[in-house]
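This report refers to the structure that appears directly beneath it.
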Amino acid sequence: MAKVELKKIGKVYDGNVRAVDDANITIEDKEFVVFVGPSGCGKSTTLRMVAGLEDITEGELLIDGKLVNDVPPKDRDIAMVFQNYALYPHMTVYDNMAFGLKIRKVPKAEIETRVGEAARILDIEKLLDRKPKQLSGGQRQRVAVGRAIVRKPKVFLFDEPLSNLDAKLRVQMRAELIELHDRLQATMIYVTHDQVEAMTMGDKIVVMRDGKVQQIGSPLYLYNHPINKFVAGFIGSPAMNFLKVKVVEEGGKLFIDEGSFKLEPAADHIALLKPYVGKEISFGIRPEDLPCLEGGSVPQGPGTIMGKVTVVEPLGAEIHLYASTPTQPMVAKIPPHHLFKIGDNVHFTPVMDKARYFDRETELSILPVKLSEKE
């Protein structure tokens, strides 16, 4: 059992610089949890408090139900993989992986068994006699992971381990870490600023901003039910479009009016938008929910957004089409057979039941959403 609980955890530097504020997070046994957020949001500081590398200013940290606030890192039964690999340059791969076990006076035969097993899992058996300078970035990262595996810890901690790798290798290593988690059935906490990594790797995602936990849930839950404008914009690529609109009532019907377009909300959203009649809100729509009309026919009446194409990004399987109303930019994912060029007019028909709405002042979702998926 390797359950990790953070109860009202806080971290304050120099008396007044608050890096983490009131973090309440539960990582279940064998769960792969990803902390994600922009630089400076407190995700790495939170991870380092779990590791024991940072003192906890407020709250309680429990591992397997045991309070570990004041337990030294070496006694927490955790293993951490750092962004810069932290390998000893003068040691071979074998010695780097075995070093922690030697310090703990593990018998030599068991060290050989553990290192050999980890090397097989990570496909680095042929590299055991090399030194770090003779390895590629991906190989060094495997060694760093192998050094953690041989410890057989209760909890694995990863601090942006793939950020130094090129794009293709990051994709490969993501898949390998997912497979490794499935094989080891271990509890893993992974920190990244890359929301694509978070979406593809995590059983559960913790979104952080300015030291505060914004929302916790499975990747698809956060994608479909963001609690606020920040989460909506951070999860998903390209990011959700946010357009400033006004809620209006005309002829007994409710519309959102941008000035250059007018849209009718989905039926189950109307009652929630009623209190905002006469007020400005943020209309959120994801790029994949902005299909464009075929041909050159101009639609009549509300229900479409007309924009002028500003950028066309052909990606093979799809096109990212950047366009703009007279005052606001947006981006759409469209099929590759659409042929647009800069300056063309394009008509979008947004999927309104996928739309999200946010209060302009609080930036909270107007649609009911939970802070945590399990609440």
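No lab work stands behind these numbers, since they all come straight from the coordinates. This is a predicted model, so every value here is computed, not measured. All Cβ positions, even for glycine, are placed from backbone atoms using ideal geometry, and neighbour counts span all protein chains on display.
Below are the figures for this structure:
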item	result
Region 10-47-region 145-162 distance, computed between alpha-carbon centres (Å)	18 Å
When region 107-199 is reduced to its Cα atoms, the Kirkwood hydrodynamic radius in Å	14.0 Å
Gaussian network model of the chain, Cα within-10 Å springs - most flexible of D344, D203, D257	D344
All aspartates and glutamates inside 17 Å of K126 as judged from Cα atoms, apart from same-chain residues fewer than 8 positions distant	D95, E112, E117
Relative frequency of Cα-Cα separations exceeding 27 Å in region 1-156, percent	33 percent
Coordinate range along principal axes, alpha carbons of region 229-360, Å, largest first	43, 34, 25
Ellipsoid equivalent to region 223-304 - semi-axes via the Cα gyration tensor, in Å	22, 20, 10
Among beta bridges that DSSP assigns inside the chain, antiparallel share in %, nearest 5	75 percent
Built amide H within the under 5 Å cut-off of G211, gap 5+	G42
Restraint check, K154/K229; K253/K341; K3/K370; K8/K370, Cα-Cα greater than 28 Å	K154/K229; K253/K341
Reciprocal of mean inverse Cα separation for region 136-282 (Kirkwood radius, Å)	18.5 Å
Relative contact order [Cα under 8 Å, 6+ residues apart], the chain, whole percent	16 percent
DSSP H segments from the chain that extend 20 Å or more along their own axis, Cα-based, with Kyte-Doolittle mean of -0.5 or above	108-122, 167-184
Longest exposed-site-free window of the chain, the sites being trypsin sites (Lys or Arg not before Pro) in a DSSP loop that have at most 16 other C-beta atoms within 10 Å	131-278
